[in-house]
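Here's the structure we're looking at; comments come further down.
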Amino acid sequence: MAAPPLGRLVLTHLLVALFGMGSWAAINGIWVELPVVVKDLPEAAAFQGLLLLLPLPPPGPTVGPGTGLRAGAPGVEEEGEEASPLQEPPFQAASTTPRPDPTAHQLLSARTACLLGLLAFTNALTNGVLPAVQSFSCLPYGRLAYHLAVVLGSVANPLACFLAMGVLCRSLAGLGGLSLLGMLFGAYLMALAILSPCPPLVGTTAGMVLVVLSWVLCLGLFSYVKVAASSLLHGGGRPALLAAGVAIQLGSLLGAVAMFLPTSIYHVFRSGMDCVDLCGP
């Protein structure tokens, strides 16, 4: 079979890239605008509820390097990983003769189970837990801090994915260490949200720098871990990728459900008030 013309290949890749970018332009655009509009619109926080009506890109692993331009929402993720869970493995696509998948047994291995658990855990944090407290952790330091955390966090996501394309960590212990480091930044951000509206260093430049840097590093580390774990699972063929998609979706669901009670029912996190100093003596 003759190879398709180069022009057709370039056009196909360009259209796929535009399709992926278009689906995420709305998602990332809305999150970037939230720090500006959430306190100015009459709908306020209710505005975020309308986002549920916006169709989400597929949060599973997808072709391409980026979750900021990526798939995976919030997921796959948010979700930006490497291959579609429904993509047919090359050795199956190359032949029309049906034959058993020699890698299916890898789903039962401890390594694969750990990778799936890591995917579920990181997506629970990045797609459910941390987004629920971002405004509480950032707004005490000002709208600029909130805006920078959202924008730079979205930039860190695809950068981490591009890094994983060139430097891929294949060690399970290494990925666990990176996840632990990301958890430390996440714990700091959660502590700031709990202490809102009077977290440490409020009203100082150092406090603003720390909260923005923590968000960027936290999202960047978790994005790298998700891409690396998905890439390692890619070797397991279609069954492993389907399991990865399930883990991403399940983790995102559990993370969102876990944050519903403390944010919407028990109001563990409190917001500040404009023109009112709640942290004075």
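The values are calculated or read from the model by the stated rules, or taken from the named source; none is laboratory data. Worth saying up front: this structure is predicted, and the values here are computed from it rather than measured. Cβ atoms come from the backbone with ideal geometry, glycine included; neighbour counts cover every protein chain shown. Quick note on the areas: whole protein, heavy atoms, side chains included, nothing else; ligands and nucleic acids left out. Shrake-Rupley method; radii C 1.70, N 1.55, O 1.52, S 1.80 Å.
Listing for the model above:
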read-out	value
Residue, farthest from Met259 (Cα to Cα), within the range 154-194, restricted to residues that are of a type outside the set (A, V, I, L, M) and touching a Pro at 6+ places or on another chain (Cβ under 7 Å)	Phe162
Every residue from the range 192-206 that is part of a helix (DSSP H, G or I) and in contact with a Ser or Thr (Cβ under 8 Å, 6 or more places away or on another chain)	Leu192, Ala193
Residue satisfying all of: in the range 182-204; open to solvent by 20 Å² or more (accessible area, probe 1.4 Å) and under 12 Å from Pro140 (Cα atoms); modelled with the lowest pLDDT among these	Gly203
Selection from the range 207-243 of residues that are assigned to a helix (DSSP H, G or I), farther than 16 Å from Thr122 by Cα and open to solvent by 30 Å² or more (accessible area, probe 1.4 Å)	Met208, Val209, Leu210, Leu213, His234, Arg238, Pro239, Leu242
All positions within the range 117-135 that are hydrophobic (A, V, I, L, M, F, W, C), closer than 18 Å to Pro199 by Cβ and open to solvent by 20 Å² or more (accessible area, probe 1.4 Å)	Val129, Ala132
